[in-house]
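Down below is the structure, laid out as structure tokens.
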Amino acid sequence: MRLVIKLAGALLDDPSTLASIARQIATLEQEGHELLVVHGGGKIFTSTLQRMGIESRFVGGLRVTDRETRDVAVMVLGGLLNKRVAGAISQAGQPAIGLCASDAGTFLAEPMVHNEVAGGLGYVGYLTGVNVEFLESLWRNA
């Protein structure tokens, strides 16, 4: 069965919590499931923005993502946290790789409409496409 697992960013803050979740993910994969794990940024993303002097702004609970914020998101989510999750799953006995949405055009998005303005929240968007062939190639060769 194909499953998408969404990990809240807060779950990545505690190494023992992440290790426990990684073991569960590894078990599911070893039972024959094809998994796609996605994650948030939690406190690490927010604290990195603060350390870099970038102020977070929210509208209706959604973060307004300007170019600087987007760049930090790529750095933290696509770098540090992505590799932390993939490493934990691999450590739990199931080889894993970490991808960003832009890698191989894995995911495509269009700007979110807010107050009738497309892109009114910056680089916040709706998922509009998935490169299923690419994901299937990874599942086939896992």
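The values are calculated or read from the model by the stated rules, or taken from the named source; none is laboratory data. This one's a predicted model, so the numbers in the text were calculated from it and none came from an experiment. Here the Cβ positions follow ideal geometry from the backbone for every residue, glycine too, while neighbour counts run over all protein chains shown. Just so you know, the surface numbers come from the protein's heavy atoms only, side chains and all, with ligands and any DNA or RNA stripped out. Shrake-Rupley method; radii C 1.70, N 1.55, O 1.52, S 1.80 Å.
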Pick out, from Leu36, Ala19, Val117, the residue whose Cα sits farthest towards the positive end of the charge dipole of the chain, with +1 on the Cβ of Lys and Arg and -1 on the Cβ of Asp and Glu.
Ala19
Percent of beta bridges antiparallel (DSSP, the chain, rounded to nearest 5)
55
Restricting attention to the range 14-108, which GluC sites (Glu not before Pro) occupy a DSSP loop and are surrounded by at most 11 other Cβ atoms within 10 Å?
Glu31, Glu55
How large a share of the accessible area of the range 3-142, in percent, is made up of carbon and sulfur atoms when the probe is 1.4 Å and the other protein chains stay in place?
56
Give me, ordered by chain and number, the residues 5 or more places off Thr65 or on other chains with an amide H under 5 Å from its own placed amide H.
Gly122, Tyr123, Val124
Rounded to the nearest 500, the 222 nm mean residue ellipticity computed for the chain from DSSP H runs (n ≥ 4, each -39500 (n - 2.57)) alone is -11500 deg cm²/dmol
With x for Gly and Pro, the residue-by-residue ³J(HN,Hα) of the range 57-72, computed from phi through the Karplus equation 6.51 cos²θ - 1.76 cosθ + 1.60 at θ = phi - 60° and given in whole Hz, is 10, 10, 10, x, x, 9, 6, 6, 10, 7, 4, 4, 5, 4, 5, 5
Please list, in order along the range 44-49, the HN-Hα scalar couplings obtained from phi with the Karplus expression 6.51 cos²θ - 1.76 cosθ + 1.60 (θ = phi - 60°), rounded to whole Hz, x for Gly and Pro.
5, 5, 4, 5, 5, 4
For Cα Rg over 2.2 N^0.38 Å, pick the label among (1) 1.12; (2) 1.38; (3) 1.04 that corresponds to the value derived from the coordinates.
(1)
Just Gly119, Gly53, Gly40 to compare: in a GNM of the chain, with alpha carbon springs under 10 Å, which one fluctuates most?
Gly53
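Calculate, in nm to one decimal, what Ser20 and Tyr126 gain on full extension: separation in residues at 0.36 nm each, minus their alpha carbon distance.
35.1 nm
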